[in-house]
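Participant: This is the structure, below, for whatever I ask next.
Computed from the coordinates by the stated procedures, all read-outs in this text should not be read as laboratory data. None of the values given here were measured: they were computed from a predicted structure. Quick reminder, even Gly has a Cβ in these numbers, built from the backbone with ideal geometry, and neighbours come from all protein chains shown.
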Amino acid sequence: MQFAMRSKGNRRVGQEHDITNGCSMMGNPNRPRGDAKIFINKLEAARRQINAAIRMSFLDEDELAIHTVAAAAYSIVRDLLGGRGRSDVLELARGGIYQTARSLAAGELSESALDHDDLTRESPHLRDIIIAMAAEIRAKGDAFTPDMIRFIGWGDVVAADRKRLAESANFLKHADRDARRSLALDKINNDEIIMRAGAAYIGAYRPLYGPVDNIVLYQTPEMSAFHIWWMARNDPDRLRQEYGVEFTDDFLCLDLSQRRHTCLRLIELFRQWRSDPNPASIQHLHGQMRHLIALERE
């Protein structure tokens, strides 16, 4: 692996895109709206599937149905990225390495703590690379960005990851060559496939509409709620950084059923906030989020 500076070309936001939210209506514009044909693109199809899988997960519906929907969405956005010469696996690794280096550069993480970090534990050689990146970030600040990290020789890692994730999905949609096969339910990891689908969706969506600093603006309300659910179970420290200590600690005190119910209510809250032409401040939104938890605990 190596990293190097790469320049960012100018991009016109929305250039040559006149399809609103991935949908297009065709036919006589004077006809009644209900008589028009509606077309969706691949990205919109994936968005709907991811949102549906998230809602189904929070409603605690059948895990196999959730997996089928989420895996279909993941396949779409993964292929969209692949068509642009990109890999969601490497983009996740790039994001994790970059965030770790930023934490190290900011003093939020010590070099000794790297020995216990998931990334460096799985790939010890990354420790020195992350330390070098942290030095670059200290020197260059925001001028050092994740897209400056390049991966060399990771083809086998990408292929193995794709095969692993495809195993359960293929079992649930095919029976032409493995009709007598069975599947161990502990191989179904819906949180992972939804997280991967959402991350790949954002990776596929961002280049179309230009750069935005706040990742929440790329997420659907469902994805924002699932992001909280995922971080609570896998990275509570990051949840505290993004949503505050008070909200995080209160959310972690809820049992899984209460968390699911709260996340369903968070979806509605995020939807209202996003649709408001004059949205409240982030601080006010966080206050409303804490209020939802208080209601759940009553």
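Participant: Let me check against my output: what whole-number percent is the relative contact order of the stretch 215-298, with C-alpha pairs under 8 Å and at least 6 apart?
Facilitator: Details: 51 pairs, mean separation 29.6, N = 84.
Averaging sequence separation for qualifying contacts and normalising by length gives 35 percent for the stretch 215-298.
Participant: Taking the alpha-carbon distance from LYS140 and a cut-off under 18 Å, which lysines remain once sequence neighbours fewer than 8 residues away in the same chain are dropped?
Facilitator: Cα-Cα hits under 18 Å: LYS8.
Participant: Counting Lys +1, Arg +1, Asp -1, Glu -1, what net charge surrounds ALA184 among other residues with beta carbon under 13 Å of its beta carbon?
Facilitator: On the way: positive: ARG181, LYS187; negative: GLU63, GLU167, ASP186.
Summing Lys/Arg as +1 and Asp/Glu as -1 gives -1.
Participant: Follow-up question, since we're still on this one. Stretch ASP178-ALA143 to full length: gain in nm at 0.36 nm per residue minus the Cα-Cα span?
Facilitator: On the way: separation 35, 0.36 × 35 = 12.60 nm, distance 5.14 nm.
Additional length available on full extension: 7.5 nm.
Participant: Loop only by DSSP, 15 or fewer other Cβ within 10 Å of the Cβ. Give me the trypsin sites (Lys or Arg not before Pro) in the stretch 109-201 that pass, ordered by residue number.
Facilitator: Numbers: sites: ARG121, ARG127, ARG138, LYS140, ARG150, ARG162, LYS163, ARG164, LYS173, ARG177, ARG180, ARG181, LYS187, ARG196; in loops: ARG177, ARG180, ARG181.
Qualifying residues, ordered by number: ARG177, ARG180, ARG181.
Participant: Hey, another quick one. Residue-wise, which Karplus ³J(HN,Hα) couplings in Hz belong to the stretch 281-298, taking 6.51 cos²θ - 1.76 cosθ + 1.60, θ = phi - 60°, and x for glycine or proline?
Facilitator: Once rounded to whole Hz, the list reads 5, 4, 4, 5, 4, 4, x, 5, 5, 5, 5, 4, 5, 4, 5, 5, 7, 5.
Participant: Additional query: For LYS187, list the lysines whose Cα falls under 17 Å from its own Cα; do not include residues on the same chain fewer than 8 positions away.
Facilitator: LYS163, LYS173
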